[in-house]
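In what follows, a single structure is set out as structure tokens and then discussed.
The values are calculated or read from the model by the stated rules, or taken from the named source; none is laboratory data. All figures in this text were calculated on a predicted structure; none of them were measured in a lab. Counting neighbours? That spans all protein chains shown, and the Cβs are built from the backbone with ideal geometry, glycine included.
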Amino acid sequence: MAPITFLEAIRQAMFEEMAADPRVVLIGEDVGVYGGAFKTSEGLLEKFGWERVIDTPISESAIIGAACGMSYLGLRPIAEMQFIDFIACCFNQLTNFVAKGHYLWNAPAPMVVRGPAGGGVHGGPFHSLSPEMYFLHTPGFKIVYPSTPYDAKGLLKASIRDNNPVLFFEHKFLYRRIKEEIPAGDYTVPLGKAIVRREGQHVTILSYAAMMHTSLEAAEALSKEGIEAEVIDLRTLMPLDEETILNSVRKTNKCLVVHEDTKTGGIAGEIAAILSEKAFHDLDGPLVRVTSLDTPVPYAPTLEEAFLPNAQKVFAAAKSLARF
Amino acid sequence: MPASDSRVNSPKLSRQQYLDLYYYMRLNREVEETMTRLFRQNKIVGGLYSSLGQEAISVGTAYALEKRDWLAPMIRNIGALLVKGVPPRDIFTQHMAKYTSPTKGKDGTSHFGDLENLHIISPISMLGDLIPVLTGVAMAGRYLGQKIVAMTWIGDGGSSTGVFHEGLNLAASQRAALVLILENNLWAYSTPVRRQVPLENLADRAKAYGITSYIVDGNDVVAVYTTAKEAVERARSGDGPILIEAKTFRRRGHAQHDPAEYVPPAQREYWEKRDPIALYERFLSAEKLLDAKGKKEIDEKLAALLEKEREFAENSPMPPPELASEGVYCSGPECHELQPKWERPIDELLPPKSCVEPVWTVAGFGHGKGSSGGGAPIHFGDTQVAPNGPAEAAKPSVTALANPAKKSLNKKPPAAKSVRRGKARR
């Protein structure tokens with residue numbers, strides 16, 4: 001098969017799940033007639049009709065509330081945030097209602113909330129957010145943030161089939177920039193399994209989404225300096241694959257976390273705590289964080305470049321860590 | 001008198017229906033009185049909220065639903081839960097945080113649900129959130145071919161939330177079978193409705209969504225029931241969401257801790273004289289539907305039931321501490337087998353039958369209520385009595401109901417039962 005974009009992988013996952021299972025419906029702003037702001041749902045309306053591809057008013061709380069109500073009757077709604085930044089508008093509906101239902105009153109909400117996230121495309125402070133950690137702190141969500149077309153398709157399918165509310169972040173920088181050949185037919189990628197993208201014995205680099213590619217780029221440069229980095233793609237932040245992380249760190253004894261989310265309260269801090277609790281004696285150096293700045297995402301290309309991690313920053317941090 | 005108005009407004013109730021409404025209102029009140037005693041004995045773990053004086057709304061509206069229909073209560077709708085089939089022990093154990101409660105002690109008050117059998121969705125404390133959720137329930141019900149109606153409640157206070165607007169607007173744009181009961185009890189905690197909303201009638205909020213609304217005397221259970229029944233059937237038949245404003249008064253404070261000293265005594269006195277159960281007893285007695293012997297039988301039945309249910313709750317254990325860490329996630333099919341109840345052929349929903357022509361219009365949309373379209377034009381500002389409404393002599397005006405707070409200073413209670421706003425059905 002011809003290689004497909006990340007965007008096409010998302011579209012295929014939704015298309016195939018909807019074709020196979022009438023419980024799956026799509027609800028969001030401009031998902032029907034227009035096919036989604038990024039065309040991730042192009043053609044779905046024509047194929048599946050108005051009852052299954054639902055254009056809504058600009059009402060994020062109502063989208064989430066309605067999707068949750070639909071899930072209580074046994075449907076598996078996919079709710080799209082036009083940009084993931086707007087998920088803040090339905091924070092209450094998600095964190096207080098959707099996330100707590102199974103724990104409190106035994107009410108699973110098999111729904112997916114998905115949308116374009118991340119920066120690097122000069123979207124400015126309200127179209128570039130990486131909001132995953134707002135939700136990681138709320139028990140009840142699964143959180144997925146893929147880095148490749150293969151994973152995007154397989155993880156989205158697994159998310160739709162999961163009985164829990166899944167927040168599925170799609171890095172918009174990757175939408176059209178990477179292509180991958182993926183197998184024909186149905187496959188899923190399980191939630192909670194990280195993958196080793198590059199093997200190495202000197203330092204572990206943990207990352208996900210667009211930063212996984214940045215980390216791989218840095219790893220190639222490090223290799224030329226004789227430092228073999230092991231690059232791990234977390235794929236999902238909840239569940240977090242502690243086993244794969246710990247196995248790698250026990251081998252390399254050094255750990256670097258790269259994420260596009262801002263530094264304070266990012267997943268790197270959580271991973272630092274896990275390593276401190278479970279691999280303290282395996283570490284030869286401090287856990288190092290390469291992250292975005294603790295600021296809103298700025299608009300000007302020069303500012304955004306300064307804000308985001310890049311391969312040079314990862315290279316420098318890994319090189320200095322490797323000296324321990 | 002309101003009681004005689006009820007008779008005029010409700011020609012179709014059977015004797016059993018009249019008595020059911022009475023039984024559930026009494027049950028609602030006795031359950032809450034039992035909990036007040038438990039609260040004073042320090043046996044209620046958290047807060048206790050009272051619906052004293054509002055029982056006619058919870059009972060009358062929920063009684064209009066069928067078994068297949070869905071509801072989500074608010075904090076003062078224990079009566080609705082009882083009507084839907086929740087046993088009193090569930091209410092007691094919830095408040096007492098017992099392991100035997102529907103949430104096993106993980107949440108209290110009316111915060112519990114039952115997706116499988118009773119079709120109840122648990123409320124949360126953030127007001128308005130249930131409106132889009134119940135809209136989704138109605139949308140899914142229609143999709144599955146179930147012909148269900150979804151009902152939830154909101155207060156005068158909660159009607160100012162953003163999600164009230166989002167939810168009702170989505171419901172209207174989807175023509176979802178949602179019936180929203182707006183209980184205007186005149187107070188949002190300590191803030192009177194006049195300082196929250198610059199509207200005479202909160203039912204006017206419906207205008208913004210082009211949907212039908214009703215105003216009803218919330219202390220007249222028969223009026224509430226007949227209005228809700230009509231609304232439920234209209235929603236079921238595809239008329240879209242309906243808003244019912246029920247005018248009433250919160251007789252106790254926001255919760256047990258609140259003596260509500262901010263309420264003017266004259267207002268309180270007025271509404272205490274309009275106790276929905278006392279009014280209804282007079283009506284039942286005048287209609288010879290209930291005599292002293294019948295009332296005594298109900299008294300005894302309730303006392304025996306609640307004694308048994310309270311004992312069950314009191315004798316139940318607290319949840320074991322290890323439960324605290326369990327149940328955040330559904331572990332899969334062994335935890336929940338999630339299958340919808342299809343009541344239409346599935347192949348209608350799969351290609352090729354589900355395909356649409358790429359013509360960007362939705363059938364019926366833009367021709368709904370409140371629009372200038374041809375489907376169901378409504379002339380807002382027209383106010384007419386429901387066809388089965390009070391006889392000519394008792395015909396109310398909207399202004400008669402417009403300002404219960406003001407009315408409270410008068411001695412004469414409003415005569416109106418139910419005022420439909422908007423035009424008659426298509």
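Numerical summary
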item: Yes/no for residue A:51 being assigned to a helix (DSSP H, G or I) and either aromatic (Phe, Trp, Tyr) or touching a residue at least 24 places away in the same chain (Cβ under 8 Å) (or both); result: no
item: Elements of type helices (runs of 4 or more DSSP H) contained in segment B:25-121, each with 1 or more residues being at pLDDT below 95 and touching a His at 6+ places or on another chain (Cβ under 8 Å); result: none
item: Residue A:317 vs. criteria assigned to a helix (DSSP H, G or I), surrounded by 16 or more Cβ atoms within 10 Å (Cβ to Cβ) and among the hydrophobic types (A, V, I, L, M, F, W, C); result: yes
item: Selection status of residue B:351, within 14 Å of chain A (Cβ to nearest Cβ) and surrounded by 12 or more Cβ atoms within 10 Å (Cβ to Cβ); result: yes
item: Residue A:119 vs. criteria in contact with a Ser or Thr (Cβ under 8 Å, 6 or more places away or on another chain), away from chain B (no Cβ under 14 Å) and not hydroxyl-bearing (Ser, Thr, Tyr); result: yes
item: Test result for residue A:147, touching a Gly at 6+ places or on another chain (Cβ under 8 Å), crowded, with 22+ Cβ neighbours inside 10 Å, farther than 20 Å from residue A:55 by Cα and more than 9 Å from chain B (Cβ to nearest Cβ); result: no
item: Any hit, segment B:218-227, residues being of a type outside the set (Ser, Thr, Tyr) and under 20 Å from residue B:157 (Cα atoms); result: yes
item: Lone qualifier among B:197, B:179, B:193 - being more than 10 Å from chain A (Cβ to nearest Cβ) and over 29 Å from residue B:256 (Cβ atoms); result: B:179
item: Test: residue A:25 is at pLDDT 95 or above, within 29 Å of residue A:126 (Cα to Cα), in a loop (DSSP other than H, G, I, E, B) and over 19 Å from the mean Cα position of the chain (by Cα); result: no
item: Lone qualifier among B:306, B:279, B:290, B:302 - being surrounded by 15 or more Cβ atoms within 10 Å (Cβ to Cβ), more than 10 Å from chain A (Cβ to nearest Cβ), in contact with a helix residue (DSSP H, G or I) (Cβ under 6 Å, 6 or more places away or on another chain) and not in a helix (DSSP H, G or I); result: B:290
item: Subset of segment A:128-141 (residues that are within 24 Å of residue A:215 (Cβ to Cβ) and surrounded by fewer than 22 Cβ atoms within 10 Å (Cβ to Cβ)); result: A:131, A:133, A:134, A:136
item: Restricting segment A:1-37 to residues that are touching a Phe, Trp or Tyr at 6+ places or on another chain (Cβ under 6 Å) and under 18 Å from residue A:177 (Cα atoms), the residue that is farthest from the other protein chains (Cβ to nearest Cβ); result: A:6
item: Test for residue B:127: is it more than 8 Å from chain A (Cβ to nearest Cβ) and hydrophobic (A, V, I, L, M, F, W, C); result: yes
item: Single condition residue A:250 does not satisfy, out of (1) out of contact with any Leu (no Cβ under 8 Å at 6 or more places or on another chain); (2) buried (at least 20 other Cβ atoms within 10 Å of the Cβ); (3) farther than 30 Å from residue A:122 by Cβ; result: (2)
item: Residue match in segment B:235-258 (condition: within 14 Å of another protein chain (Cβ to nearest Cβ) and buried (at least 24 other Cβ atoms within 10 Å of the Cβ)); result: yes
item: Number of positions in segment A:64-101 that are within 20 Å of the chain's Cα centre (by Cα) and of a type in the set (Phe, Trp, Tyr); result: 3
item: Segment B:139-175 - residue that is among the aliphatic types (A, V, I, L, M) and within 8 Å of chain A (Cβ to nearest Cβ) and, of those, surrounded by the most Cβ atoms within 10 Å (Cβ to Cβ); result: B:150
item: Filtered residues of segment A:43-74 (kept if more than 7 Å from chain B (Cβ to nearest Cβ), modelled with pLDDT of 95 or more and surrounded by fewer than 18 Cβ atoms within 10 Å (Cβ to Cβ)); result: A:58
item: Where a residue in segment B:101-117 is facing chain A (nearest Cβ under 7 Å) and in contact (Cβ under 8 Å) with a residue 40 or more places away in the chain and its partner, wherever it lies, is buried (at least 20 other Cβ atoms within 10 Å of the Cβ) and assigned to a loop (DSSP other than H, G, I, E, B), with Cβ under 8 Å and at least six apart; result: B:113/A:107; B:113/B:102; B:113/B:121; B:113/B:122
item: Selection within segment B:200-242 - assigned to a helix (DSSP H, G or I) and more than 20 Å from residue B:63 (Cα to Cα); result: B:202, B:203, B:204, B:205, B:206, B:207, B:208, B:209
item: Residue match in segment B:82-100 (condition: away from chain A (no Cβ under 14 Å), within 25 Å of residue B:279 (Cα to Cα) and touching a strand residue (DSSP E or B) at 6+ places or on another chain (Cβ under 7 Å)); result: yes
